[in-house]
Amino acid sequence: SKSKMKKKTTKTQEAKKILKKKFKVNTKIVFTEDGELVQQWPPVQKSSLAKADEEDDASGINLDKAKEILREEDKFDKEEYRKKVKEKHR
């Protein structure tokens, strides 16, 4: 009778199945009625290094390159945050 019982799938097993099927999860895109992009989550990377990295087909993760990309992205994020604060104060 034990062999007939099915094992319960765990969250990690379900997550691995989703990754194998290459679904895009945790993304949200909002459009206007005209079809223009209003909001996208996660935000698109704006740095030129990130775009160059997407085109590069190197295997594995280069930590030095990833750190440099994050530093550049941080500059854009800080600028957007300043704009939000200025709007809030107005």
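The values are calculated or read from the model by the stated rules, or taken from the named source; none is laboratory data. Since we're looking at a predicted model, the values are computed, not measured. Surface areas here come from the heavy atoms of the whole protein model, side chains and all, with no ligands, DNA or RNA. Shrake-Rupley method; radii C 1.70, N 1.55, O 1.52, S 1.80 Å.
Hey, could you check the stretch 26-45 for residues that are among the β-branched types (Val, Ile, Thr), at pLDDT 70 or above and open to solvent by 70 Å² or more (accessible area, probe 1.4 Å) and say which is farthest from residue 15 (Cα to Cα)?
The qualifying residue farthest from residue 15 (Cα to Cα) is 38.
Of all residues being open to solvent by 80 Å² or more (accessible area, probe 1.4 Å) and not in a helix (DSSP H, G or I) in the stretch 46-88, which is modelled with the lowest pLDDT? Just the residue, please.
Top of the filtered list is 57.
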